[in-house]
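A short worksheet on the structure shown next.
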Amino acid sequence: MRSPQREAATGLPQRVTIYEVGPRDGLQNEKTVVPAAVKAEFIQRLARAGLGTIETTSFVPPSWVPQLSDASEVLEILGDEGKGRQRPVLVPNERGFDRALDAGVGAVAIFGSATETFAQKNLNRSVAESVNMFSPVVKRARDEDMWVRAYVSMCFGDPWEGPVPIEQVVDVAEQLMDLGCDELSLGDTIGVGTTGHVARLLEALDARGIGTDRIAVHFHDTYGQALANTMEALRHGVAVVDASTGGLGGCPYAKSATGNLATEDLVWALDGAGVETGVELGQLVETSVWMAEQLGRPSPSRVVRALAGG
Ligand code: HMG
Ligand code: MG
């Protein structure tokens with residue numbers, strides 16, 4: 001079968017926005033450094049497959065993430081296709097913001113951590129110091145009329161600290177949203193969350209005034225829970241889901257992190273449930289097969305394997 005039988009599921013939104021992170025979260029963790037022209041083509045193919053929002057790259061020091069050191073070059077190749085509110089880039093600090101501004105981006109994402117250990121490992125800062133680092137970035141982005149997203153990592157568990165109290169996640173989320181961000185993305189960086197945990201966190205955020213209309217979910221699939229967790233979030237009113245074409249992804253500063261929820265797995269589930277995404281699954285699978293050739297390894301996505309093989 002090339003597509004699932006459509007049978008409407010109850011309790012899901014009519015339409016879901018897929019926030020594609022493959023070019024950034026996917027490629028930041030690959031051993032192979034993909035040339036800028038291939039990255040740009042990847043983004044163009046994703047757009048042609050119907051993905052509206054695509055996170056294109058990161059403006060971090062090349063010493064931290066060498067895989068994305070060509071951020072400006074990728075955006076230069078893309079021209080207007082790499083600009084606008086639907087092409088966000090990761091920016092940790094003012095130096096990164098200056099570079100993003102020079103490249104003409106229209107949307108940025110800051111990325112905080114719910115835990116102190118990961119804040120140190122990923123940002124070389126405490127949680128409080130990293131909020132201070134992000135503050136002028138968000139202010140300047142707002143002054144430029146950019147769209148701003150805030151990620152919080154390690155929302156469902158941390159490889160060094162273990163369980164992460166829900167209130168601790170909510171505290172950090174609130175501090176980041178109070179800077180003036182438009183959207184909050186809840187990161188399960190190491191893919192350990194389960195459905196009840198998702199529900200409790202969304203309820204706790206709602207109780208603090210951060211409703212699902214401003215929330216996106218970002219599940220890595222290490223323990224095979226990403227799709228179940230996503231469906232749970234959708235049933236609670238979330239309508240923006242982060243996913244990575246082909247299931248690429250991970251975080252170089254959290255070794256236990258594997259790929260994100262594969263966009264193809266998500267689209268198969270939503271197509272079957274009668275939820276609109278605007279994405280054409282066949283074209284997406286072709287893109288993953290092409291990207292797997294560039295990377296020299298097969299896609300970990302089950303749907304890609306099933307459709308590409310059959
Ligand atoms: P630091 O080393 O403390 O930085 O890193 P610094 O401010 O001391 O600067 C050191 C040098 O880097 C200086 O150069 C700066 O100018 C330069 P020097 O004077 O030595 O020649 N520099 C820069 N160059 C280019 N672009 C910049 C920049 N900033 C400084 N933006 C820093 C602190 C925050 C910069 C660093 O820790 C960092 O960038 N970390 C990001 C690591 C990263 O990208 N991780 C992966 C993304 S997060 C993720 O994947 C999780 C997520 O997917 C959600 C989830 O799954 O949970 C989003
Ligand atoms: Mg991630």
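We did not get these values from a lab; they are worked out from the coordinates using the rules stated. Predicted model, so just to flag it, every value in this text is computed and none were measured. Cβ atoms come from the backbone with ideal geometry, glycine included; neighbour counts cover every protein chain shown.
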Give LYS31/LYS83; LYS31/LYS255; LYS31/LYS121; LYS83/LYS255 a once-over and call out the pairs whose C-alpha atoms are over 22 Å from each other. LYS31/LYS83; LYS83/LYS255
Based on alpha-carbon centroids, what's the gap between segment 80-139 and segment 149-174 in Å, whole number please? 17 Å
Mind telling me which of GLY11, GLY247, GLY96 comes out most flexible in a GNM of the chain, alpha-carbon contacts under 10 Å? GLY11
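For the chain, what does the relative contact order come out to in percent, with C-alpha contacts under 8 Å and a separation of six or more?
22 percent
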In a Gaussian network model over the chain where Cα atoms closer than 10 Å are linked, find which of VAL91, VAL275, VAL137 has the largest mean-square fluctuation. VAL275
Whole-number percent relative contact order across segment 121-277, with pairs defined as alpha carbons under 8 Å at least 6 apart: 19 percent
Around GLY193: net Lys/Arg minus Asp/Glu count, Cβ-Cβ under 12 Å: -3
Once the dipole of the chain is set up with Lys and Arg at +1 and Asp and Glu at -1 on Cβ about the Cα centre, which of VAL279, CYS155, PHE134 lies farthest towards its positive end? VAL279
GNM on the chain, C-alpha springs below 10 Å: top fluctuator among GLY22, GLY250, GLY180? GLY180
FRET efficiency (LYS139, ARG95; Cβ distance; R0 22 Å; to 0.05) is 0.90
Inter-label distance for SER63 and ASP102, nm, one decimal - labels placed 7 Å from Cα along Cα-to-Cβ: 1.8 nm
In debye to the nearest 20, how big a dipole does segment 17-308 give about its Cα centre with +1 on each Lys and Arg Cβ and -1 on each Asp and Glu Cβ? 440 debye
Label point at THR10 placed 7 Å out along Cα→Cβ; residues across segment 216-252 whose backbone nitrogen lies under 15 Å: 235-236
